[in-house]
Amino acid sequence: MARKKIIAGNWKMNMTPSEAVELVNTLKPLVATEESDVVFCVPAIDLIPVLEACKGSNIQVGAENMYFEEKGAFTGEISPNMLTDIGVKYVIIGHSERREYFAETDETVNKKVLKAFEHGITPIICCGETLTQREQGVTMDFIRQQVKIAFLNVTADQAKTAVIAYEPIWAIGTGKTATTAQAQEVCAGIRQCIKEIYDEATADAIRIQYGGSVNAATAPELFAQPDIDGGLVGGAALKPDFGKIVNYK
Ligand code: 13P
């Protein structure tokens with residue numbers, strides 16, 4: 001089965017609402033394609049203006065985080081039903097920056113993944129090793145643990161629709177892209193892990209992205225790999241270059 005590529009921008013903490021609308025208007029014609037799914041994951045305050053600006057285009061809009069409760073005394077958090085109410089379709093969960101700076105754990109990632117599915121939001125679940133882990137040869141052990149806990153109690157039907165983003169931490173924002181071989185090897189390992197948890201059909205259906213210093217020059221080779229179904233793009237998603245990444249062929 002041919003998996004449709006999914007190319008997502010993670011804007012991180014960039015772009016005020018007015019800058020966001022300007023960026024969408026710049027990128028809209030550059031990312032117009034039906035060949036791949038195109039997603040802009042934007043800061044919470046930008047979601048409504050970006051959704052409005054993307055109307056009538058092929059761009060889908062995602063959040064960068066959400067909480068795992070519907071409502072209540074959780075100051076500063078955003079709930080899944082707040083996201084669906086405005087038309088958000090995707091949410092990034094467990095980005096390494098959230099794990100590092102905001103104390104997210106494999107367990108909170110799992111709670112958020114379950115909640116996203118409950119509300120019909122597609123989670124983009126992030127995993128990835130540190131440089132020390134890679135150098136010590138425990139990359140796959142570490143990622144298998146992240147993946148296995150993230151998917152605890154997730155059904156096969158849900159897992160089939162999920163997106164996993166493999167983002168080696170040492171490659172994020174550093175200009176050091178993993179080699180194509182490194183990225184393919186880990187993405188294949190993640191697919192194997194999904195096959196072990198579920199079955200071949202689930203492993204075949206789930207989409208696995210690579211993220212970490214993806215740019216217009218590296219995207220074509222990365223996205224041509226058999227187990228890499230697109231990318232999660234940081235810095236280059238804020239520039240017209242994102243159009244080239246989306247049209248990588
Ligand atoms: P960069 O593309 O800026 O390295 O960021 C990658 C990333 O963290 C996407 O989620």
Considering only C-alpha atoms, what is the centroid distance from the range 30-103 to the range 112-147, in Å? 18 Å
Computed label-point distance, nm, for sites ASP157 and ILE197 using a 7 Å Cα→Cβ extension: 1.8 nm
Protection-proxy order for peptides 222-231, 208-217, each taking the mean of Cβ atoms within 10 Å per residue, highest first: 208-217, 222-231
Please enumerate, by chain and number, the lysines with C-alpha under 21 Å from the C-alpha of LYS28, excluding those fewer than 8 residues away in the same chain. LYS4, LYS5, LYS12, LYS55, LYS89, LYS239, LYS244, LYS249
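Based solely on its DSSP helices, what 222 nm [θ] is calculated for the chain when runs of n ≥ 4 H residues each add -39,500 (n - 2.57) and the sum is averaged over all residues, nearest 500 deg cm²/dmol? Mind dumping the intermediate values first?
Numbers: 12 runs with 103 residues, N = 249.
After summing the helix terms and dividing by residue count, I get -11500 deg cm²/dmol.
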By the Cα gyration tensor axes a ≥ b ≥ c (a/c under 1.5 gives rounded; else a/b larger than b/c gives prolate, otherwise oblate), the shape of the range 159-210 is prolate
Using each residue's phi in the range 96-103, evaluate 6.51 cos²θ - 1.76 cosθ + 1.60 at θ = phi - 60° and report the 3J(HN,Hα) Karplus result to the nearest Hz, with x for Gly and Pro. 4, 5, 6, 5, 6, 9, 10, 6
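Every number here is computed from the coordinates shown, using simple stated rules; none is lab data. In this text, all values refer to a predicted model and were calculated from it rather than measured experimentally. So basically every Cβ, Gly included, is an ideal-geometry build from the backbone, and we count neighbours across all protein chains shown.
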